[in-house]
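The values are calculated or read from the model by the stated rules, or taken from the named source; none is laboratory data. Everything numeric here is computed off the predicted structure, so don't read it as measured data. Here the Cβ positions follow ideal geometry from the backbone for every residue, glycine too, while neighbour counts run over all protein chains shown. Accessible surface areas use protein heavy atoms only, side chains included; no ligands, DNA or RNA. Shrake-Rupley method; radii C 1.70, N 1.55, O 1.52, S 1.80 Å.
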Amino acid sequence: MRVSHRRAAVRCLTAVAFSLVALTGCSSAGDGQTAAATPVTTATPSASADETAPTTAPAGGTDPDGTPSSTSAARWAGTKQFVQIEDARTSDGRTYLSVRPAQKKAHTQFEAWVIVPGKGPYTEVRMAEDAQVLLSVPLGDDKHASSYSQAEFVSRLTAQSSSARSLLGYDLSFDGEGRVTRLQSLYTS
């Protein structure tokens, strides 16, 4: 019986020791040490409707490819966001989206979504070259999402009136650099 008590005691002491090691690794800025600057990301699929994002990059900020950097896109790096898209364009073989966070709610009577528009300015984000585009009605041809090219998405979106675009919502997935790797429109009746 003493052996089982010793094992239990050793486990408890080991747990305490690991806890102390973890706690000593934590510090606050008031301890004279600088805190590590790590980006905070959210795993939630959508941002709040009242969240706003800056539309301009810091002065002189550019990506390695020479395009202006987007601070708000970088804050979405590695996350999924629900957004509205005001406009889309293709330039130099790259697709750019003008996005703003929004909210989605399940429709109470139909198998569809109700889009709650966000507030604030739109921010331009870039799509990755191999980004997957999945569209459903009204941008796509079917109720269920089907694959489309980025060029088809841009032409279908820009063919919609601005009032019709405000009723559409999209789930976007961002890579670690803040580029859109997956775009899926929500079925709206």
State, to one decimal in nm, how far the label point of Gln109 lies from the label point of Ser161, with both points 7 Å from Cα in the Cβ direction. 2.2 nm
Percent relative contact order for the range 64-189, counting Cα pairs under 8 Å at least six residues apart, stands at 33 percent
Glu129 neighbourhood, Cβ < 10 Å, K/R = +1, D/E = -1, net charge +2
Given a 1.4 Å probe, the accessible area of the range 113-189 per residue, as a whole number of Å², is 48 Å²
Quick one: order Asp141, Asp87, Asp171 from most to least accessible surface, probe 1.4 Å. Asp141, Asp87, Asp171
What is the magnitude of the charge dipole of the range 74-189 about its Cα centre, with +1 placed on the Cβ of each Lys and Arg, -1 on the Cβ of each Asp and Glu, and no other charges, expressed in debye to the nearest 20? 420 debye
Carbon/sulfur fraction of accessible area - the range 112-151, other protein chains in place, 1.4 Å, %: 50 percent
